[in-house]
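The values are calculated or read from the model by the stated rules, or taken from the named source; none is laboratory data. None of these values were measured; they are calculated from a predicted model. Reconstructed Cβ throughout: ideal geometry from the backbone, glycine too, with neighbour counts over all protein chains shown.
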Amino acid sequence: MGRCRRLGTIFFIMAKIGLFTFGGGWSIIAQMQNEFVDKRHWMTEEQVVDYMSLAKSFPGVMIINMSVFCGYAMAGVSGAAAAAVGLSAPALVSIALVTYFYSSLRDNVWMEKILCGVRSVVVPIIISACLKLRKTAIQGRSAYMILAVTFVICVLSEINKLLVVGAALIAGLLIWRGEIPDDLS
């Protein structure tokens, strides 16, 4: 496939994902995985997990960061630009339209019901993406322990999530260095 054609494909797939995927970053990641890992084999599940971790750790909008990493992996700097612009263009146009028509949409009962229905679909999409990525993201008993501890911390406390990510990073490094056994037996 030619370079320009690949860039166009990246742009239009990301635009389609940006236009038709609701629920924020996690549901978009499921669609990116489906398109670029499962269908086209342009990326691996390991890359998706790694980029997802990095994207969440960098400042800015996580899913735009993710699109930049994925686009770069598939086609370099121009791929990163095509992915980011493709993903964000539908949202920018939609926001501009909603802003323009806001006063007439604000009290619309039909719009409220439509959004309620769309919101209810988000949770299964996110859970599906998590289940698909668990084989790659969670390897070894220590990873399950980190998962369990961080889940409890995230659900039951108001601790800054960046601190939780930092603590998990340190735990991963200690496990890698052998200072914490990976089998935890």
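Given the structure, is Y51 under 29 Å from L163 (Cβ atoms), at pLDDT 90 or above and over 15 Å from the mean Cα position of the chain (by Cα)?
Values: under 29 Å from L163 (Cβ atoms): yes; at pLDDT 90 or above: yes; over 15 Å from the mean Cα position of the chain (by Cα): no.
In short, no.
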Selected residue (criterion: farthest from N34 (Cα to Cα)) from residues of region 44-101 that are in contact with a helix residue (DSSP H, G or I) (Cβ under 7 Å, 6 or more places away or on another chain) and of a type in the set (D, E): E46
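Residues are listed down the side, and each one gets a yes or a no for (1) part of a loop (DSSP other than H, G, I, E, B); (2) at pLDDT 90 or above:
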residue: L19; (1), (2): no, no
residue: G23; (1), (2): yes, no
residue: W26; (1), (2): no, no
residue: Q31; (1), (2): no, no
residue: H41; (1), (2): yes, yes
residue: Q47; (1), (2): no, yes
Boolean, S142 is of a type outside the set (A, V, I, L, M), under 18 Å from F36 (Cβ atoms) and touching a residue at least 40 places away in the same chain (Cβ under 8 Å): no
W110, sole failed condition from (1) in the same structural domain as I175 (by TED's automatic domain parsing); (2) loosely packed, with under 11 Cβ neighbours inside 10 Å: (1)
Any pair with Cβ under 9 angstrom, 6 or more apart, that starts in region 37-60 at a residue that is free of Cβ contacts under 8 Å to residues at least 12 places away in the same chain and surrounded by 15 or more Cβ atoms within 10 Å (Cβ to Cβ) and ends at one that is part of a loop (DSSP other than H, G, I, E, B) and of a type in the set (A, V, I, L, M): V37/M43
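Can you tell me which residues in region 94-142 are acidic (D, E) and part of a helix (DSSP H, G or I)? Even if it seems obvious, please write down each step before you answer.
Initial filter on region 94-142 (acidic (D, E)): 107, 112.
E112 - this is the single residue of region 94-142 that is acidic (D, E) and part of a helix (DSSP H, G or I).
For region 69-88, state whether one or more residues are assigned to a loop (DSSP other than H, G, I, E, B), outside the structural domain of A171 (by TED's automatic domain parsing), of a type outside the set (S, T, Y) and buried (at least 18 other Cβ atoms within 10 Å of the Cβ). Quick ask: steps written out before the conclusion?
At the first step, the residues of region 69-88 found to be assigned to a loop (DSSP other than H, G, I, E, B) are none.
Scanning region 69-88 turns up no residue that is assigned to a loop (DSSP other than H, G, I, E, B), outside the structural domain of A171 (by TED's automatic domain parsing), of a type outside the set (S, T, Y) and buried (at least 18 other Cβ atoms within 10 Å of the Cβ).
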